[in-house]
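Colleague: What follows is a structure written as structure tokens; I'll ask about it next.
The values are calculated or read from the model by the stated rules, or taken from the named source; none is laboratory data. Small disclaimer: the values here were computed from a predicted structure and weren't measured. When we count neighbours, we look across all protein chains shown, and the Cβ atoms used for this are built from the backbone with ideal geometry, even at glycine.
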Amino acid sequence: MDDGRDAGRLTVIGGPMFAGKTEELARMVRRAQIAGREVLTVAHTLDVRYGAGVVASHSGVEIASRSVDGPAEIPGLVGPRTRMVAVDEAQFFGPELVAVVLDLLDSGLDVVVAGLTVTFDGRPFEPVPALMALAETAAKLTAVCAVCGRDAAYHVRLPDADVLPGDALVAVAAHVGGTDSYQARCRAHRRA
Ligand code: ADP
Ligand code: MG
């Protein structure tokens, strides 16, 4: 009987912006590397916040990465010694990421995916919700509400003019090629 040992494990880290998703992804990548397992970390070319070649958290944690234009490019970056594939900002990859991840798992690789579960207007944001449903392990993280300090499962987009001076650093860090800024918000404050 096939004992299933050849298939990989899927771990998904979801939540709103500022929830610590990238910090957790980096922690898992570092643990695998300490165990001597080669990790391929993948970012999307749309994520231009910190430049190509690095995945970075809002708190300054960084890991080396390869940038791709879409999910179809990921399998081609897997080398003979790769044991784990880590994908950050999964929402940039679109729903096609799901089939690619399932193929990587079937080929024996462990996969860790981090990304937004919600849009800035409070709707589920695929593919992370679907991947969470299919994962061996799924962590739903919360940020801190920028208004009241409660657990924030949402984030909102604010015009730059609405951002207070004290929020300037957060605004710069969250900036993704546009003129908008983002704040984590709890349920009561989820409407900007
Ligand atoms: P994500 O990838 O989920 O956007 P990061 O891992 O990049 O999150 O950053 C998490 C870090 O962001 C926290 O450890 C904290 O230092 C910082 N941070 C800034 N604003 C907030 C907030 N509103 N809630 C929680 N953490 C925040
Ligand atoms: Mg992140």
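Colleague: Within region 135-153, track down each residue that is more than 16 Å from ligand 2 (Cβ to nearest atom) and under 20 Å from LEU10 (Cα atoms).
Modeller: Keep residues of region 135-153 that are more than 16 Å from ligand 2 (Cβ to nearest atom), which gives 135-138, 145-151.
Those that are more than 16 Å from ligand 2 (Cβ to nearest atom) and under 20 Å from LEU10 (Cα atoms): ALA135, GLU136, THR137, ALA138.
Colleague: While we're on this one: HIS155: modelled with pLDDT of 95 or more, touching a Cys at 6+ places or on another chain (Cβ under 8 Å) and within 16 Å of ligand 1 (Cβ to nearest atom), yes or no?
Modeller: Details: modelled with pLDDT of 95 or more: yes; touching a Cys at 6+ places or on another chain (Cβ under 8 Å): no; within 16 Å of ligand 1 (Cβ to nearest atom): yes.
No, not satisfied.
Colleague: Specify the residue that is nearest to ligand 2 (Cβ to nearest atom); the eligible residues are those in region 28-43 that are under 22 Å from LYS140 (Cα atoms) and crowded, with 16+ Cβ neighbours inside 10 Å. Outline the logic, then answer.
Modeller: Taking region 28-43 as the starting set, the residues that turn out to be under 22 Å from LYS140 (Cα atoms) are 28-32, 41-43.
Cutting the leftovers down to crowded, with 16+ Cβ neighbours inside 10 Å gives us 28-29, 32, 41-43.
Values: MET28: 13, VAL29: 13, ALA32: 18, THR41: 12, VAL42: 13, ALA43: 10 Å.
Only one residue tops the list, namely ALA43.
Colleague: Suppose we filter ASP69, ASP88 for residues that are out of contact with any Phe, Trp or Tyr (no Cβ under 9 Å at 6 or more places or on another chain) and surrounded by fewer than 19 Cβ atoms within 10 Å (Cβ to Cβ); which single one remains?
Modeller: Working: ASP88 fails: surrounded by fewer than 19 Cβ atoms within 10 Å (Cβ to Cβ).
Matching residue, one of ASP69, ASP88: ASP69.
Colleague: Related question: If you check LEU10 against the conditions, is it away from ligand 1 (no atom under 16 Å from the Cβ) and under 17 Å from LEU141 (Cα atoms)? Give the derivation first.
Modeller: On the way: away from ligand 1 (no atom under 16 Å from the Cβ): yes; under 17 Å from LEU141 (Cα atoms): yes.
Yes.
Colleague: What pairs come out if I take residues in region 122-150 that are without any contact (Cβ under 8 Å) to a residue 40 or more places away in the chain and part of a strand (DSSP E or B) and pair them with residues that are hydrophobic (A, V, I, L, M, F, W, C) and surrounded by 17 or more Cβ atoms within 10 Å (Cβ to Cβ) whose C-beta lies under 9 Å away, six or more apart or interchain?
Modeller: PRO124/VAL118
Colleague: Taking into account only those residues within region 114-134 that are among the aliphatic types (A, V, I, L, M) and either touching an Asp or Glu at 6+ places or on another chain (Cβ under 8 Å) or more than 15 Å from ligand 2 (Cβ to nearest atom) (or both), which is nearest to ALA184 (Cα to Cα)?
Modeller: LEU116
Colleague: For region 22-39, which residues satisfy the criterion of being of a type in the set (D, E, K, R) and part of a helix (DSSP H, G or I)? Let's see the steps before the verdict.
Modeller: Initial filter on region 22-39 (of a type in the set (D, E, K, R)): 23-24, 27, 30-31, 37-38.
GLU23, GLU24, ARG27, ARG30, ARG31 - these are the residues of region 22-39 that are of a type in the set (D, E, K, R) and part of a helix (DSSP H, G or I).
Colleague: Would you point out the residue of region 49-62, among those that are within 14 Å of the chain's Cα centre (by Cα) and not charged (D, E, K, R), that is farthest from ligand 2 (Cβ to nearest atom)?
Modeller: Per the criteria, the residue is VAL54.
Colleague: Moving on to the next point. Among (1) more than 16 Å from ligand 1 (Cβ to nearest atom); (2) among the basic types (Lys, Arg); (3) under 16 Å from the mean Cα position of the chain (by Cα); (4) at pLDDT below 95, there is one condition ARG5 misses while meeting the rest; what is its number?
Modeller: Only one criterion is unmet by ARG5, namely (3).
Colleague: Something else: What about VAL101, is it in contact (Cβ under 8 Å) with a residue 40 or more places away in the chain, β-branched (Val, Ile, Thr), part of a helix (DSSP H, G or I) and buried (at least 17 other Cβ atoms within 10 Å of the Cβ)? Quick ask: steps written out before the conclusion?
Modeller: Values: in contact (Cβ under 8 Å) with a residue 40 or more places away in the chain: yes; β-branched (Val, Ile, Thr): yes; part of a helix (DSSP H, G or I): yes; buried (at least 17 other Cβ atoms within 10 Å of the Cβ): yes.
Spelling it out, VAL101 is indeed in contact (Cβ under 8 Å) with a residue 40 or more places away in the chain, β-branched (Val, Ile, Thr), part of a helix (DSSP H, G or I) and buried (at least 17 other Cβ atoms within 10 Å of the Cβ).
Colleague: Also: Looking at SER107, is it under 23 Å from CYS145 (Cα atoms), over 14 Å from the mean Cα position of the chain (by Cα) and not charged (D, E, K, R)? Please lay out each step first, then the result.
Modeller: Numbers: under 23 Å from CYS145 (Cα atoms): no; over 14 Å from the mean Cα position of the chain (by Cα): yes; not charged (D, E, K, R): yes.
No, not satisfied.
Colleague: If LEU46 satisfies every condition in (1) within 15 Å of ligand 2 (Cβ to nearest atom); (2) in contact with a strand residue (DSSP E or B) (Cβ under 8 Å, 6 or more places away or on another chain) but one, which is the exception?
Modeller: (2)
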